[in-house]
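Below is one structure, written out as structure tokens; the observations come after it.
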Amino acid sequence: MERAIGVDIGGTRTRVAAVAGGRIVARRTLPTQGLPELISALREVAGEAGWEPEAVGIAAPGPMDMRTGVLRALPNLPAWRDVDLRGEVGRALGLPVYLANDATCAAIGELEFGHRAADFVYLTWSTGIGGGIVAGGRVAWGATGQAGEVGHMVLQPDGPPCACGKRGCLEAVAGGATLARRGSELLGEVVSAQGLVERARAGEPRALGLIDAACRALGQGIAILWEVLEPELVVLGGGLTGSWDFLGPKVLAAAQAMAREQIRMELTPLGDDAGLLGASALPRHIPPAWRSGAYGPRV
Ligand SMILES: [Zn+2]
């Protein structure tokens, strides 16, 4: 049975879990602070599990160097600039450490423990929009490990500016941060993305207009991915999928109108844990060139 520790570093909270054979046996959730807090949580979870982990897999949202295992940055968290996660965590725990993009990790979680399809796209719809691609049972990593950045497909070349510097990215039209900002402007009061969805559900016309446009953009993105990759299904996760009963039919109708074949969408059965579970399975999926060889298991 494989025993590893998975870590999912988010913009505000970090989750750590000891995972054996795909089952979480101990977990911690902590505010995303610095490296010492993360290392303490890793030690606590390993101690609670009662077994020696074989590796640590870390999912993170920021840009990273896959060859060296250095996290370049985390959004809005200056303390996490150029952090040598593989080296620091590896030395502290005496274990090999693997690092990858969080949406790619969620796709791995889905591949190993979710629907287990051989060909699918995983799409996370929350503050931003991220993705991971699995083709023929293998993760598509891309040249530097950043494949599957579906949120930065440009759908409207003259559209709203995106945090990445381009205009009209899928994320800039349909991401939760955009929905909250534009919804607040339009309604003249502060609303969250979730709040905007509830207003739309209640029939507020301006909220409904924004939500319909977001669903159309997401459907358009999914239709493009469907035509290019011919997956068996698109798996969705992330906070906004909590309102899938309302949003799902809109997204599916928009996607279907732009695709030749029947599109299949499913929510991940793993909920919030897709990235965490996928991180724990990173040792089995990460390409050899990006493996850490310097910190062998403690004996
Ligand atoms: Zn962008």
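Some notes on this structure:
- Test: TRP125 is in the same structural domain as ILE286 (by TED's automatic domain parsing) and of a type outside the set (Ser, Thr, Tyr): no
- Evaluation of ASP119 against (1) open to solvent by 10 Å² or more (accessible area, probe 1.4 Å); (2) in contact (Cβ under 8 Å) with a residue 12 or more places away in the chain; (3) within 10 Å of the ligand (Cβ to nearest atom) (one fails), failing number: (3)
- Matching residues in region 153-196 - criterion: being part of a helix (DSSP H, G or I) and more than 21 Å from the chain's Cα centre (by Cα): ARG181, ARG182, GLY183, SER184, GLU185, LEU186, LEU187, GLY195, LEU196
- Check on VAL134, in contact (Cβ under 8 Å) with a residue 24 or more places away in the chain, farther than 13 Å from GLY278 by Cβ and of a type outside the set (D, E, K, R): no
- Restricting the search to helices (runs of 4 or more DSSP H) fully inside region 1-116 and requiring at least 2 residues that are open to solvent by 10 Å² or more (accessible area, probe 1.4 Å) and within 30 Å of PRO231 (Cα to Cα) gives 102-113.
- Scanning region 155-179 for residues that are away from the ligand (no atom under 11 Å from the Cβ) and buried (at least 18 other Cβ atoms within 10 Å of the Cβ) turns up ALA174, GLY176, LEU179.
Rundown of residues vs (1) at positive phi; (2) without any contact (Cβ under 8 Å) to a residue 24 or more places away in the chain; (3) crowded, with 23+ Cβ neighbours inside 10 Å, yes/no style:
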site: ARG206; (1), (2), (3): no, yes, no
site: LEU218; (1), (2), (3): no, no, yes
site: ILE222; (1), (2), (3): no, no, yes
site: VAL235; (1), (2), (3): no, no, yes
site: GLY239; (1), (2), (3): no, no, no
site: GLY242; (1), (2), (3): no, no, no
site: ASP245; (1), (2), (3): no, yes, no
site: LEU252; (1), (2), (3): no, no, no
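- Test: GLY148 is within 16 Å of the ligand (Cβ to nearest atom), without any contact (Cβ under 8 Å) to a residue 12 or more places away in the chain and either among the small types (Gly, Ala, Ser) or within 30 Å of ALA117 (Cα to Cα) (or both): no
- Scope region 117-152; condition of a type in the set (Phe, Trp, Tyr) and assigned to a loop (DSSP other than H, G, I, E, B); matching residues: TRP141
The values are calculated or read from the model by the stated rules, or taken from the named source; none is laboratory data. Worth saying up front: this structure is predicted, and the values here are computed from it rather than measured. So basically every Cβ, Gly included, is an ideal-geometry build from the backbone, and we count neighbours across all protein chains shown. Note: accessible area is taken over every heavy atom of the protein model, side chains too, but ligands, DNA and RNA are not part of it. Shrake-Rupley method; radii C 1.70, N 1.55, O 1.52, S 1.80 Å.
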